[in-house]
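The values are calculated or read from the model by the stated rules, or taken from the named source; none is laboratory data. Just so it is clear, the model here is predicted, and its values are computed rather than measured. Note that each Cβ is placed from the backbone with ideal geometry, even for glycine, and that neighbours are counted across all protein chains shown.
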Amino acid sequence: MTRTPVEELDALVIGAGVTGLYQLYCLLQIGLDARIYEAGDAIGGTWYWNRYPGARLDSESWSYAYSFSEELLRDWNWTESFVGQPELERYLNHVADRFELRPQIRLGARVRSAIFDEATNRWQVETEDGRRASTRFLIAATGLLSAHHLPDIPGIESFQGESFHTSRWPHDPVNFTGKRVGVIGTGSTGVQIIPEVAKECAHLTVFQRTPNYCSPLGNSPITPEQMDEIKATYPEVFATCRQNVGGFIHDPDPRSTFDVTAEEREAFYEDVWGQPGFAKWFGNFSDLMTNREANEIYCEFVRRKIRERVNDPEVADKLCPKNHHYGAKRIPLETRYYETYNRDNVLLVDVGEDPIERITPTGLKTGSASYELDVLIYATGFDAATGEVTRMDIRGVGGRPIQEHWADGATMYMGLGTAGFPNLFFENGALFCNFTRCAEASAEFVSGCIDYMREHGFERIEADPEAEERWVEHAESLTVNRLTSDVTNWADGTNIPGKPKGAIFYSAGFNAYLKVCEEVAAKGYEGFRLE
Ligand code: NA7
């Protein structure tokens, strides 16, 4: 490893994904000497790493677009309502070129350590390949779902066939022809890849631990005429997203489930079910996510939809969720997912009932059976939000490691900063959101804050411990009795064995969060200590 000369910077962003690219743009706009250090060999973040067959958006493409540049909105044409990974990767590369970001991006630069120097109020950063930087501000735009999670199943190293985590998919296409393939995991990723692999392989075995309320994506091509219409409505699209709890374009129906007759309810469910994207979730009755009884009526509607599409009633029953409510976990949006189980070459194994015991050199063994496999695909999710942060050696005031600071669970003020780690901002998705909408909001907040500091001669900013505690209590109080607290989920870290339950997500919603950002900025970054 060759150690390079230290780059002296105003700001260093970690990660060249959707957030990091826009954050760099904002910092350059206010005249900072800023860089991105990106672990991958190319830009794109999520849309660089997740190259598995079927990887695609679950937000409408045009509502996921960056909104900051009218010229970009005018010139970019989306080809589908929910575009796939290749188009998103092209889009982000276009953005990097168009706004001349590339010269400030260092690729293959995985940050190994970041140490805060209290004498100078600067971060000393080093990458795994020996690149070094000294920076006033450090911004971890390391993504919400980026640290991939491989389950701790005995024998996992012994498998002699090909194996892949979906988020570390090879650049060359994987040939499934004539092969026996196994997929572990039926979250959003599994649900996207399973129909694609089933079409190509000799035999597919799906190992499902928990079924989900997978709902139709409703993707369709966008004609040039439709794209023109979308362009004309961009201001309204983004205004709608700003008002929406998840930053999406689907507003809830103001009525409650019980305001209507059973017939009207059924007709309404059919209507939202037929609409694309998350209309069937966020566009539902206003009490869907607050009233368990109301939610259960919808769950039964969805189970009926599943049963209608799966020929074998026993298989259909296994695919019907029974232990959680609709929307308690992020809803996987699917295209011909359930029909896949009608194929002769597809087998569903319920590893909730018959748990995986071990991976063997030639396949997988559950308590009661063995499965011979040539390829094993792990669609087993992520150590969300903080996963990439805690994989680095980050040390704050007094040399305290971030892992020690968060030993009882990660906390942050506004999802952006934590006491004891000055001049360090996190942008890992502080709330459940249409991702680009949140990314723009946090990047603008952070660059606004840095600009304010320069204007007022501040060199150091840090979350006030009391403000952080109050924020965490408030965020936790919002989750009490929520349907989301009934399940193990990546959103609170309970999907990762041993990970302490964190409290970084703000479930009051995107619209409420935008107001908080505005108020905090207007009050001179209230809740942060500036020196
Ligand atoms: P998810 O939603 O976390 O799904 C991971 C899946 O992997 C889920 O079905 C898990 O079952 C399963 N899993 C994890 N570990 C195991 C073991 N040890 N045995 C069996 N099954 C296991 O990740 P995704 O990548 O699908 O989606 C992440 C987000 O990406 C998604 O929400 C979208 O926003 C985009 P479990 O449910 O825990 O029983």
| field | All positions within the range 32-52 that are farther than 16 Å from Ser146 by Cα and either of a type in the set (Gly, Ala, Ser) or within 18 Å of the chain's Cα centre (by Cα) (or both) | value | Ala34
| request: Any residue in the range 463-490 that's under 16 Å from Ala512 (Cβ atoms): show its pairings with residues that are assigned to a helix (DSSP H, G or I) and polar (S, T, N, Q) at Cβ separation under 7 Å, as long as the two are six or more apart or on different chains. | output: Thr479/Ser485
| Selection within the range 120-153 - more than 16 Å from the ligand (Cβ to nearest atom), more than 26 Å from Ala430 (Cα to Cα) and part of a loop (DSSP other than H, G, I, E, B) | Thr120, Glu128, Asp129, Gly130, Arg131
| field | Single condition Leu73 does not satisfy, out of (1) surrounded by 20 or more Cβ atoms within 10 Å (Cβ to Cβ); (2) of a type in the set (A, V, I, L, M, F, W, C); (3) touching a helix residue (DSSP H, G or I) at 6+ places or on another chain (Cβ under 7 Å) | value | (1)
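Checking the condition touching a residue at least 12 places away in the same chain (Cβ under 8 Å) and of a type in the set (D, E, K, R), which residue from Glu100, Glu118 passes? Show your work before the answer.
Working: Glu100 fails: touching a residue at least 12 places away in the same chain (Cβ under 8 Å).
Selected residue: Glu118, the only one of Glu100, Glu118 that is touching a residue at least 12 places away in the same chain (Cβ under 8 Å) and of a type in the set (D, E, K, R).
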| said: Can you confirm whether Arg180 is within 16 Å of the ligand (Cβ to nearest atom), of a type in the set (D, E, K, R) and touching a residue at least 60 places away in the same chain (Cβ under 8 Å)? | reply: no
| task | May I ask you to list the residues in the range 241-268 that are hydroxyl-bearing (Ser, Thr, Tyr) and either touching a residue at least 40 places away in the same chain (Cβ under 8 Å) or touching a Lys or Arg at 6+ places or on another chain (Cβ under 8 Å) (or both)? | result | Thr257
| Sole exception among (1) crowded, with 16+ Cβ neighbours inside 10 Å; (2) at pLDDT 95 or above; (3) not in a helix (DSSP H, G or I) for Asn311, by number | (1)
| remark: If you go through Pro195, Pro235, Pro216, Pro221, the only one that is within 28 Å of Ser286 (Cα to Cα), touching a strand residue (DSSP E or B) at 6+ places or on another chain (Cβ under 9 Å) and not charged (D, E, K, R) is Pro216
| query | Among the residues of the range 329-364, which ones are touching an Asp or Glu at 6+ places or on another chain (Cβ under 9 Å), within 11 Å of the ligand (Cβ to nearest atom) and of a type outside the set (D, E, K, R)? | reply | Ile331, Pro332, Leu333, Ile359, Leu364
| task | Please report, ordered by residue number, the strands (runs of 3 or more DSSP E) entirely within the range 417-531 with at least 3 residues that are buried (at least 21 other Cβ atoms within 10 Å of the Cβ). | result | 424-426, 461-463
| query | All but one of (1) of a type in the set (D, E, K, R); (2) surrounded by fewer than 19 Cβ atoms within 10 Å (Cβ to Cβ); (3) part of a helix (DSSP H, G or I) hold for Arg303; which doesn't? | reply | (2)
| request: Restricting attention to the range 192-205, report how many residues are surrounded by 19 or more Cβ atoms within 10 Å (Cβ to Cβ), within 16 Å of the ligand (Cβ to nearest atom) and farther than 13 Å from Thr380 by Cβ. | output: 6
| query | If Ile331 passes every condition in (1) touching a strand residue (DSSP E or B) at 6+ places or on another chain (Cβ under 7 Å); (2) closer than 25 Å to Asp374 by Cα; (3) in a loop (DSSP other than H, G, I, E, B) but one, which one does it miss? | reply | (2)
| remark: Thr390 passes all but one of the listed conditions (1) touching a Pro at 6+ places or on another chain (Cβ under 8 Å); (2) surrounded by fewer than 21 Cβ atoms within 10 Å (Cβ to Cβ); (3) among the β-branched types (Val, Ile, Thr); the exception is number (1)
| said: Taking the conditions exactly as written (at pLDDT 95 or above, farther than 30 Å from Glu518 by Cα and among the hydrophobic types (A, V, I, L, M, F, W, C)), does Cys201 satisfy them or not? | reply: yes
| said: Looking at the structure I just gave you, is Gly218 at positive phi, more than 16 Å from the ligand (Cβ to nearest atom) and surrounded by fewer than 14 Cβ atoms within 10 Å (Cβ to Cβ)? | reply: no
| note | Checked Leu12, Leu27 against criteria (in the same structural domain as Phe425 (by TED's automatic domain parsing) and in a helix (DSSP H, G or I)); the one match is Leu27
| remark: Restricting attention to the range 159-177, the residues that are within 16 Å of the ligand (Cβ to nearest atom), among the small types (Gly, Ala, Ser) and either surrounded by fewer than 18 Cβ atoms within 10 Å (Cβ to Cβ) or closer than 19 Å to Thr362 by Cβ (or both) number exactly 1
| task | Could you identify the single residue in Ala379, Ala419 that is in contact with a Pro (Cβ under 6 Å, 6 or more places away or on another chain) and hydrophobic (A, V, I, L, M, F, W, C)? | result | Ala419
